[in-house]
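The values are calculated or read from the model by the stated rules, or taken from the named source; none is laboratory data. Bear in mind the structure is a predicted one, so any value in this text is a computation, not a measurement. With ideal geometry, Cβ positions are generated from the backbone for all residues, glycine too; neighbour counts draw on all protein chains shown. What goes into the accessible areas is simple: the full protein's heavy atoms, side chains included, and nothing from ligands, DNA or RNA. Shrake-Rupley method; radii C 1.70, N 1.55, O 1.52, S 1.80 Å.
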Amino acid sequence: MKHSIGSYPRVRVQGDGRQVVSQAGAVLLVETVRKTGLDQVISAALAPWRKPRAVHDPGKILLDLALAVALGGDCLADVAMLRAEPAVFGPVASDPTVSRLIDALAASGGKALRAIRSARSEVRGRVWSLAGENAPDTDGQVTVDLDGVLVIAHSDKQDAAATWKKTYGHHPLTAFVDHGPGGTGEPVAALLRPGNAGSNTAADHITTAQLALAQLPKRYRRGRQTLIRTDSAGGTHDFVSWLARRGRWLSYSVGMTVTEVIHEHVLKVPAPAWTAAVETSGDVRDGAWVAELTGKLLDGWPKGMRLIVRKERPHPGAQLRITDADGMRITCFATNTPDRPIAELELRHRLRARAEDRIRAARATGLRNLPLHTTAQNKVWLEIVQIALDLLAWMPMLALTGTARLWEPRRLRLRLFTAAGQLVTSGRRRILRLARHWPFTGHITAALDRLALLPNPG
């Protein structure tokens, strides 16, 4: 009796399989596009860029690129993975056709970007309506997080420059809607900037906030129900004044740099004025306290601004900074939210750290590098990346439940999208059969059932 030697079974591989579909789980994204009406709206928005007698629709080409990025692609040529599966993705344009479209959109002088953003905003309103209690505005509040991200350039590209971290590339400023503890988040703005762009440039923060607000339903584009959160890069007089301007009335929670003046005031805060910080569970946060600073420190800032400072014992091995006091790590933020406990406001601001998760997901979805040469082309690429991230946020929001709604793009690809299938024809219908033994087949079929129950657009 012979026993096999080795850890894995040996199989014979042949390249003549038929009716086998790779990336079969991507039908979740295709069905999300169909149910949200994204394909129709994008096609209508990009109709001016469709040439007479053109075979491929510009909107379909752009969505194919976004689907390829959502599935893990990081350049225009990766649309080939969709071209290989016409039964699932339909006809896909050739690489030269794709490149010509990107060049045409980039040459429009921003007109195409405005058309794409308008289409995304329109579809976003429909998605939030379909999501019901899973929508990010289910409690009547919307939180938008602004944060910068460094994108490394490995070749000489337009506007690439040395960054503040002594790398070379670009420094986009992004904005994401926070879905809260039960979900992830979706992109609402991405402003492409040179690598040497400043971190606390008020004009860039204002532009990014304007782009983000334009993506929200109209009722959230002004008013206290919309909260803008940033780190200390947004803690400038001009940006805070813009947020608090009469008629805009936005809520804000903005990190502030601990200046020497703030440091002196922290040292003067009496012990009884410090309140214990709290965790998301409501329990007291060990070794952390918060206090509110008042007085002349707020002179020159918008009326109603509150300055809240936190001191916390640094974790073992952490190096203290010059702004730390009495061995405590000092951080500070400003907000205009009245009549709420400062510990609750500090917790709300600390949850801004979820923006780092959104950036990590963006890096894994086309933002690891900017693959094109000119700035105008890479601005179009950023819109493609945002559409891909929209789909990766909308599909779980509409179709997944429980912890599956928290899966980041890499996990979605590994567990759902990479599932293989067999395409069969029965009764004049095409049926995609997924592997019964795949542990996440149930998630895919249940999600498709939930999408099927949603009303068709139009």
Subject >> Out of Val123, Val144, Val127, sole residue that is under 18 Å from the mean Cα position of the chain (by Cα) and part of a strand (DSSP E or B) >> reply: Val144
Subject >> Residues of region 180-233 satisfying the condition of being part of a helix (DSSP H, G or I), within 26 Å of Leu398 (Cα to Cα), in contact with a Ser or Thr (Cβ under 8 Å, 6 or more places away or on another chain) and open to solvent by less than 10 Å² (accessible area, probe 1.4 Å) >> reply: Gln215
**OP:** Report, ordered by the first and then the second residue, all pairs with beta carbons closer than 6 Å, sequence separation of six or more or different chains, a first member in region 137-161 that is at negative phi, and a second member that is acidic (Asp, Glu) and open to solvent by less than 60 Å² (accessible area, probe 1.4 Å).
**Re:** Thr143/Asp178; Asp145/Asp178
Original post:
Would you say Glu133 is within 24 Å of Ser251 (Cβ to Cβ) and either open to solvent by 40 Å² or more (accessible area, probe 1.4 Å) or free of Cβ contacts under 8 Å to residues at least 60 places away in the same chain (or both)?
Top reply: yes
Original post:
Any chance region 379-399 includes a residue that's modelled with pLDDT under 95 and in a helix (DSSP H, G or I)?
Top reply: no
Original post:
Looking at (1) modelled with pLDDT of 90 or more; (2) farther than 18 Å from Ser232 by Cβ; (3) open to solvent by 60 Å² or more (accessible area, probe 1.4 Å), can you tell me which one Ala362 breaks?
Top reply: (3)
Subject >> All positions within region 100-110 that are touching a residue at least 40 places away in the same chain (Cβ under 8 Å) and part of a helix (DSSP H, G or I) >> reply: Leu101, Ile102, Asp103, Ala104, Leu105, Ala106
**OP:** Please work out which one of (1) part of a helix (DSSP H, G or I); (2) modelled with pLDDT under 95 is the condition Ala419 fails and give its number.
**Re:** (1)
Original post:
Can you tell me how many residues in region 400-414 are in contact with a helix residue (DSSP H, G or I) (Cβ under 7 Å, 6 or more places away or on another chain) and either part of a helix (DSSP H, G or I) or among the aliphatic types (A, V, I, L, M) (or both)?
Top reply: 6
Subject >> Pairs, first over 15 Å from Gln19 (Cα atoms) in region 427-445, second assigned to a loop (DSSP other than H, G, I, E, B), C-beta under 6 Å, six or more apart >> reply: Trp438/Ala419
Original post:
Which residue out of Asp159, Asp139 is part of a loop (DSSP other than H, G, I, E, B), more than 25 Å from Gly255 (Cβ to Cβ) and acidic (Asp, Glu)?
Top reply: Asp159
**OP:** Report the residue count in region 268-305 for those that are open to solvent by less than 70 Å² (accessible area, probe 1.4 Å), among the aliphatic types (A, V, I, L, M), more than 27 Å from Leu250 (Cα to Cα) and more than 31 Å from the chain's Cα centre (by Cα).
**Re:** 3
Subject >> Unique match (being over 23 Å from Ala388 (Cα atoms) and not basic (Lys, Arg)) among Ala244, Ala212, Ala190 >> reply: Ala244
Subject >> Cβ pairs under 7 Å, 6+ apart, first in region 34-52 and closer than 13 Å to Leu113 by Cα, second open to solvent by 30 Å² or more (accessible area, probe 1.4 Å) and at pLDDT 95 or above >> reply: Ala45/Ser118; Trp49/Ala104
**OP:** Name the single residue, out of those in region 409-458 being under 27 Å from the mean Cα position of the chain (by Cα) and aromatic (Phe, Trp, Tyr), that is surrounded by the most Cβ atoms within 10 Å (Cβ to Cβ).
**Re:** Phe417
Original post:
Which residue, of Arg50, Arg10, Arg100, is open to solvent by 70 Å² or more (accessible area, probe 1.4 Å) and within 28 Å of Arg436 (Cα to Cα)?
Top reply: Arg10
